[in-house]
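A short write-up of the structure that comes next.
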Ligand SMILES: Cc1ncc(COP(=O)(O)O)c(C=O)c1O
């Protein structure tokens, strides 16, 4: 993040704020397109960052939308995605969200269970439309991912063995539904090319077994992704060299390649993470005998809230001083904390950071994915930070999530 631009944006909107460089989104989308087999589609996972201005750039770069809620549906519409460009997934879908999705023209759903299918069928019958279904499969083989979502007992998808059962095909035949493929998502932050290739090979093999058992002709095989990117720090970006060649090989060995089946991938963090910086102000530097606390006007209500709850491993954040050049000053060792009334409101403990003083602007890189959207926004009722998109050194749009209670009955 260029500090002149950061200071200009802050002058206009105050702190804390998220700033997203749209050129980064275009760049990552172009890289992914060249790293995947020709003709493959990429679905953007709105959970990584549903900001319409950012998702619009993904759409303009050729992406589809992978959505899982009413809010993500609204964000995808605001980003200009048509219903036919959206895949609606997620466990425990409600009748209301299915109805809203159908009304918005969504016709492709990822189904996670027989219950999910029967509710979807019921809503399609009611709306007198037919929907296409990707069966989300939990393959029997464990994945190579840091946060595994398959290969273990999980709430996600059909156990593969259920779909291989001879009775499955009959159970999947429901009014107004047409099963057209499978969806597998192994997990996030998959470590590198070899793991991505292994997971894809396993996904295709699972899809092949399921297709055969069901006697179906699939149109789409969605093999997920989990493409990695650093989170909240400036660690080296992943090297995807050789991915294209290896995935081409795996794809061409699969019978789907010659059956005219579409190959889909999903990506959230890879497309949005690098675009985003969290810019905040140092409110106070509190020097105690054995510890220094840097108190910011941002914290786990804006970043890494799930880490604050101890639910995901805490990655070391990188803090840059965007107010002045402190390269000649010694580094500080500090606990970097936020303004919430809980000791859990901490972005880093005992971290070496560049010198900062009260009033300085700091920036945290690589938080365009799972930044604001994965945080404890409502906790302690601070206003949501403004989110600004920019490109080529110029601000584009500014957005802000709504907050506060709206009374709905007296
Ligand atoms: C089904 C599914 N697809 C895609 C994603 C996006 O993952 P990532 O942001 O790692 O690309 C997730 C993340 O949890 C997911 O659950």
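The values are calculated or read from the model by the stated rules, or taken from the named source; none is laboratory data. None of the values given here were measured: they were computed from a predicted structure. Note that we place each Cβ from the backbone using ideal geometry, even for glycine, and neighbour counts take in every protein chain shown.
General remarks:
- Among (1) closer than 30 Å to residue 362 by Cα; (2) modelled with pLDDT under 95; (3) within 14 Å of the ligand (Cβ to nearest atom), the one test that residue 92 misses: (1)
- Condition met for residue 14 (buried (at least 22 other Cβ atoms within 10 Å of the Cβ) and in contact with a strand residue (DSSP E or B) (Cβ under 8 Å, 6 or more places away or on another chain)): no
- Selection of region 393-408 for residues being touching a strand residue (DSSP E or B) at 6+ places or on another chain (Cβ under 9 Å) and either assigned to a loop (DSSP other than H, G, I, E, B) or surrounded by 20 or more Cβ atoms within 10 Å (Cβ to Cβ) (or both) yields 400, 401.
- Taken over region 58-82, the criterion of being buried (at least 19 other Cβ atoms within 10 Å of the Cβ), under 13 Å from residue 29 (Cβ atoms) and away from the ligand (no atom under 16 Å from the Cβ) is satisfied by 59 alone.
- Selection count where residues are within 30 Å of residue 241 (Cα to Cα) and in a helix (DSSP H, G or I), scope region 1-36: 14
- Top-ranked residue of region 163-197 - restricted to ones that are over 23 Å from residue 107 (Cα atoms) and assigned to a helix (DSSP H, G or I), ranked as nearest to the ligand (Cβ to nearest atom): 196
- Flag for residue 200 being closer than 25 Å to residue 275 by Cα, within 16 Å of the ligand (Cβ to nearest atom) and under 20 Å from the mean Cα position of the chain (by Cα): no
- Boolean, residue 333 is at pLDDT 95 or above, buried (at least 23 other Cβ atoms within 10 Å of the Cβ) and part of a strand (DSSP E or B): no
- Summed over region 270-291, residues that are within 11 Å of the ligand (Cβ to nearest atom) and farther than 22 Å from residue 221 by Cβ total 2.
- Hey, residue 344 surrounded by 18 or more Cβ atoms within 10 Å (Cβ to Cβ), touching a helix residue (DSSP H, G or I) at 6+ places or on another chain (Cβ under 6 Å), at pLDDT below 95 and not in a strand (DSSP E or B) or not: no
- Matching option when the condition is surrounded by fewer than 23 Cβ atoms within 10 Å (Cβ to Cβ), out of contact with any strand residue (DSSP E or B) (no Cβ under 6 Å at 6 or more places or on another chain) and within 18 Å of residue 42 (Cβ to Cβ), among 238, 230: 238
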